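Have a look at the structure below, then the notes.
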Number of protein chains: 2
Amino acid sequence: MRIVVDAMGSDSYPAPDVEGAVFAAREWNDTIILVGKEDLIRPELAKHDITGLNIEVVHASEVIEMTDKPSDVVRGKPDSSMHVGMSLVKNGDADAYVTAGNTGGVLAVATLGPLRRMKGVKRPVLTAIFPNLTGMVMAGDIGANADCRPEYLLQFAFMTSIFAKQAMGIENPRVALLSNGEEEGKGNELIKGTIPLMRGQSAVNYVGNMEPKEVLAGETDIVIHDGFTGNVFIKSIESTASMVSKLIKKEIKAGVITSVGGMLAKPAFARVSKHTDPFEVGGAPLLGLDGIVIVAHGRSNGRAIKNAVGQARRAVEGNVIEAIREGVSTL
Amino acid sequence: MRIVVDAMGSDSYPAPDVEGAVFAAREWNDTIILVGKEDLIRPELAKHDITGLNIEVVHASEVIEMTDKPSDVVRGKPDSSMHVGMSLVKNGDADAYVTAGNTGGVLAVATLGPLRRMKGVKRPVLTAIFPNLTGMVMAGDIGANADCRPEYLLQFAFMTSIFAKQAMGIENPRVALLSNGEEEGKGNELIKGTIPLMRGQSAVNYVGNMEPKEVLAGETDIVIHDGFTGNVFIKSIESTASMVSKLIKKEIKAGVITSVGGMLAKPAFARVSKHTDPFEVGGAPLLGLDGIVIVAHGRSNGRAIKNAVGQARRAVEGNVIEAIREGVSTL
């Protein structure tokens, strides 16, 4: 297998990106293609022992920075590591593309640049895999499409189901629509319009509408929403988890006895942090393109990049692209 | 002041509702009018020492249960405690109405029943007041209007600003729109359409668009959204806070040393619970009607009902209705 890693992706590129590539090459023995400024990549690679590893470097002269506007980068930086890397996938020189770069930039380059939308796909979906009380939930869309139509949500449900089944090994994954109530009459116009489409579709195991509480309790494997609602949803979860931890730590430190208690309880906090660590999962698959693209957090470290490569590998092995292509035309 | 308390509101009515009414009458010396089935209210009242308190009972023969469909109750239960209680406000026999009842039912009775929408108000807004890192934030809408237009959001911003100023004492409250990014280009069509309206309105102190993180960090006093997004937002916060606490407690109990630590740290957890306790605030003001309506949690206890009466009092004292009526026509 040949997997491209964007060496210019993460907030502190190229160190975490190159380290992740080395970790991945070591773990799976695949060929990892680092794309980006060669003069920055080579010295970074030299810091690692890469004897026997299959690591290639492909030069790209431009970098899409976190501060770049998505609308400017597609034509404005045609030799970026995103353009060059995705072209390798498009041309069959690589099987998947992994980046921790500017999400808006990835979306723009992916849909208007080399890879393009798969035939029959109305809109690509940016998913996320996040922890809940029982394990993991897959969510889509978390930001690619702020305004959606019912047919888009149906396709999101189909594409994420394929990924959950073929790349994550979940048999017949349950799909719920995120709503403001479980009852039939609840939901906005978009949700109400999507329900009959979901019901009529045997390729999607639709189990009903759910509120955030049920999603976090583990009552579904996949939760579907438009990109605006999904973005608010997932960021609310992230920032509340962080706020509650901060409040608890602050209160624990405020008293002598409670702070002794807090010290003793520290390993428990560490276990919770590990369970809710987004870097354990890797990244967010961007589905609906003519190739596998995984978008990792900008704050990724080497381990997170490696885990994102792991996701990409499972998607390639699971023939996710072929399954989406076959199925989407029959929806 | 004369304030109506729905005796048939809470999940375990009439005990918490009657207790809250007694607490409120004792604290402020106002007249509290308990509305509901007299044969259930009288024995409950007898459990309290009400010597010298101004408590009246007004009989209503029907009860809107939590399981009732909103569409069925407006005409289906015309002698409910909601109909009778709101009529008292409508007719000038009371100043405000407090209920811990079925939210959908309240919305239906309030907009189609006795009170009605205030002239000039396009849609009433159901707000919520919830804790963040620095204090409290007011949110609107959290469920009254799943689908909104920009003009509705502008009115929500105006009405919540009046409440924050005149009932909560916040000078020139900051108003943000909830969005999937702070930058200009972010947001769905609704948010993009609302921005120019907010900018052009001097009665609203619009400070920009915010993500959940900034809202929880205390960067705004009011956050505005449609009722679908707001419902998902606030329920995500509630259920994540509960999930994180559960995970931490579970992990603390899992080890001998960490569980000793957890015991010592217990007061810290209690302080966090108190800070994030929705019952400390009281309820959710429903604004845009011809009278003050406060909707408390169904799970309210006596203290929560009392606090909801306190909110209602401050809204009456602050002339919230008059200020909305005056201002809404000039928007």
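The values are calculated or read from the model by the stated rules, or taken from the named source; none is laboratory data. None of the values given here were measured: they were computed from a predicted structure. Glycine also receives a Cβ, built like all others from the backbone with ideal geometry; neighbour counts cover every protein chain displayed.
Could you list, in sequence order, all residues of the range A:245-295 that are touching a strand residue (DSSP E or B) at 6+ places or on another chain (Cβ under 8 Å) and within 7 Å of chain B (Cβ to nearest Cβ)?
A:His275
If you take the residues of the range B:212-243 that are surrounded by fewer than 23 Cβ atoms within 10 Å (Cβ to Cβ), touching a Ser or Thr at 6+ places or on another chain (Cβ under 7 Å) and within 7 Å of chain A (Cβ to nearest Cβ), which of them is farthest from B:Ser161 (Cα to Cα)?
B:Ala241
Within the range A:118-151, restricting attention to residues that are within 19 Å of A:Asn319 (Cα to Cα) and part of a loop (DSSP other than H, G, I, E, B), which residue is nearest to the chain's Cα centre (by Cα)?
If we take residues in the range A:118-151 being within 19 Å of A:Asn319 (Cα to Cα) and part of a loop (DSSP other than H, G, I, E, B), then A:Pro124 is nearest to the chain's Cα centre (by Cα).
Could you pull out the residue among B:Leu107, B:Leu154, B:Leu177 that is at pLDDT 95 or above and part of a helix (DSSP H, G or I)? Spell out how you get there, then give the answer.
Details: B:Leu107 fails: at pLDDT 95 or above; B:Leu177 fails: part of a helix (DSSP H, G or I).
From the options B:Leu107, B:Leu154, B:Leu177, the qualifying one is B:Leu154.
Given the residues A:Gly310, A:Gly288, A:Gly302, A:Gly318, which is the only one that is of a type in the set (Gly, Ala, Ser) and either buried (at least 23 other Cβ atoms within 10 Å of the Cβ) or at pLDDT below 95 (or both)?
Details: A:Gly310 fails: either buried (at least 23 other Cβ atoms within 10 Å of the Cβ) or at pLDDT below 95 (or both); A:Gly302 fails: either buried (at least 23 other Cβ atoms within 10 Å of the Cβ) or at pLDDT below 95 (or both); A:Gly318 fails: either buried (at least 23 other Cβ atoms within 10 Å of the Cβ) or at pLDDT below 95 (or both).
The unique qualifying residue is A:Gly288.
Pick from A:Asp72, A:Asp79, A:Asp68, A:Asp39: which is free of Cβ contacts under 8 Å to residues at least 24 places away in the same chain, over 18 Å from A:Val309 (Cα atoms) and within 14 Å of chain B (Cβ to nearest Cβ)? Can you show your working first?
Values: A:Asp79 fails: within 14 Å of chain B (Cβ to nearest Cβ); A:Asp68 fails: free of Cβ contacts under 8 Å to residues at least 24 places away in the same chain; A:Asp39 fails: within 14 Å of chain B (Cβ to nearest Cβ).
Being free of Cβ contacts under 8 Å to residues at least 24 places away in the same chain, over 18 Å from A:Val309 (Cα atoms) and within 14 Å of chain B (Cβ to nearest Cβ) holds for just one of A:Asp72, A:Asp79, A:Asp68, A:Asp39, which is A:Asp72.
Which of the numbered conditions does B:Lys37 fail, given that it passes all the others? Conditions: (1) surrounded by 16 or more Cβ atoms within 10 Å (Cβ to Cβ); (2) at pLDDT below 95.
It is condition (2) that B:Lys37 fails.
Could you pull out the residue among A:Ala323, A:Ala312, A:Ala296, A:Ala304 that is over 22 Å from A:Arg123 (Cα atoms) and small (Gly, Ala, Ser)? Explain how you work it out, then say what you get.
Working: A:Ala323 fails: over 22 Å from A:Arg123 (Cα atoms); A:Ala312 fails: over 22 Å from A:Arg123 (Cα atoms); A:Ala296 fails: over 22 Å from A:Arg123 (Cα atoms).
Going through A:Ala323, A:Ala312, A:Ala296, A:Ala304 in turn, the sole match is A:Ala304.
Of the residues that sit in the range A:121-164 and are among the acidic types (Asp, Glu) and within 14 Å of chain B (Cβ to nearest Cβ), which one is surrounded by the fewest Cβ atoms within 10 Å (Cβ to Cβ)?
A:Asp147
Yes/no per residue for (1) more than 24 Å from the chain's Cα centre (by Cα); (2) of a type in the set (A, V, I, L, M, F, W, C):
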residue	(1), (2)
B:Ser259	yes, no
B:Phe269	yes, yes
B:Val272	no, yes
B:Gly288	no, no
B:His297	no, no
B:Val309	no, yes
B:Gly318	no, no
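Is it true that A:Gly20 is touching a strand residue (DSSP E or B) at 6+ places or on another chain (Cβ under 9 Å) and not hydroxyl-bearing (Ser, Thr, Tyr)?
Numbers: touching a strand residue (DSSP E or B) at 6+ places or on another chain (Cβ under 9 Å): yes; not hydroxyl-bearing (Ser, Thr, Tyr): yes.
Yes: the conditions hold for A:Gly20.
With respect to B:Gly218, is the statement that it is at pLDDT 90 or above and at positive phi true? Talk me through it step by step, then tell me what you get.
Numbers: at pLDDT 90 or above: yes; at positive phi: yes.
So B:Gly218 fits the description; yes.
Of the residues that make up the range B:207-222, is at least one outside any helix (DSSP H, G or I) and either more than 30 Å from B:Arg149 (Cβ to Cβ) or under 17 Å from the mean Cα position of the chain (by Cα) (or both)? Quick ask: steps written out before the conclusion?
Restricting attention to the range B:207-222, the residues satisfying the condition of being outside any helix (DSSP H, G or I) are B:207-211, B:217-222.
When the remaining residues are screened for being either more than 30 Å from B:Arg149 (Cβ to Cβ) or under 17 Å from the mean Cα position of the chain (by Cα) (or both), the result is B:221-222.
The answer is yes; a qualifying residue exists.
Can you name every residue in the range A:223-258 that is without any contact (Cβ under 8 Å) to a residue 12 or more places away in the chain and part of a loop (DSSP other than H, G, I, E, B)?
Within the range A:223-258, A:Ala254, A:Gly255 meet the criteria.
Hey, A:Gly298 hits all of (1) under 29 Å from B:Ile224 (Cα atoms); (2) within 13 Å of chain B (Cβ to nearest Cβ); (3) not in a helix (DSSP H, G or I) but one; which does it fall short on?
Result: A:Gly298 fails condition (2) only.
Within the range A:128-140, can one find any residue that is without any contact (Cβ under 8 Å) to a residue 60 or more places away in the chain and farther than 18 Å from A:Ile292 by Cβ?
Taking the range A:128-140 first, the residues without any contact (Cβ under 8 Å) to a residue 60 or more places away in the chain are none.
Looking through the range A:128-140, none of the residues is without any contact (Cβ under 8 Å) to a residue 60 or more places away in the chain and farther than 18 Å from A:Ile292 by Cβ.
List the residue pairs whose Cβ atoms are under 9 Å apart, where the first residue sits in the range A:311-322 and is within 10 Å of A:Gly291 (Cβ to Cβ), the second is hydroxyl-bearing (Ser, Thr, Tyr) and surrounded by fewer than 22 Cβ atoms within 10 Å (Cβ to Cβ), and the two are 6 or more positions apart or on different chains.
Filtered contacts from the range A:311-322: no entries.
Assuming A:Ala94 fulfils every condition listed in (1) closer than 24 Å to A:Gly318 by Cβ; (2) aliphatic (A, V, I, L, M); (3) at pLDDT below 95 apart from one, which condition is it?
Among (1) closer than 24 Å to A:Gly318 by Cβ; (2) aliphatic (A, V, I, L, M); (3) at pLDDT below 95, the lone unmet condition for A:Ala94 is (3).
(1) free of Cβ contacts under 8 Å to residues at least 60 places away in the same chain; (2) more than 8 Å from chain B (Cβ to nearest Cβ); (3) out of contact with any Leu (no Cβ under 6 Å at 6 or more places or on another chain); (4) under 26 Å from B:Ile142 (Cβ atoms): which one isn't true of A:Thr194, the others all being true?
Failed condition: (3).
Examine the range A:196-204 for a residue that is surrounded by 21 or more Cβ atoms within 10 Å (Cβ to Cβ), over 21 Å from B:Cys148 (Cα atoms), under 25 Å from the mean Cα position of the chain (by Cα) and hydrophobic (A, V, I, L, M, F, W, C), and state whether such a residue exists. Please lay out each step first, then the result.
Step one: list which residues in the range A:196-204 are surrounded by 21 or more Cβ atoms within 10 Å (Cβ to Cβ), which gives A:198, A:204.
Cutting the leftovers down to over 21 Å from B:Cys148 (Cα atoms) gives us A:198, A:204.
Cutting the leftovers down to under 25 Å from the mean Cα position of the chain (by Cα) gives us A:198, A:204.
Among the residues that remain, those that are also hydrophobic (A, V, I, L, M, F, W, C) are: A:198, A:204.
Yes, the range A:196-204 contains at least one residue that is surrounded by 21 or more Cβ atoms within 10 Å (Cβ to Cβ), over 21 Å from B:Cys148 (Cα atoms), under 25 Å from the mean Cα position of the chain (by Cα) and hydrophobic (A, V, I, L, M, F, W, C).
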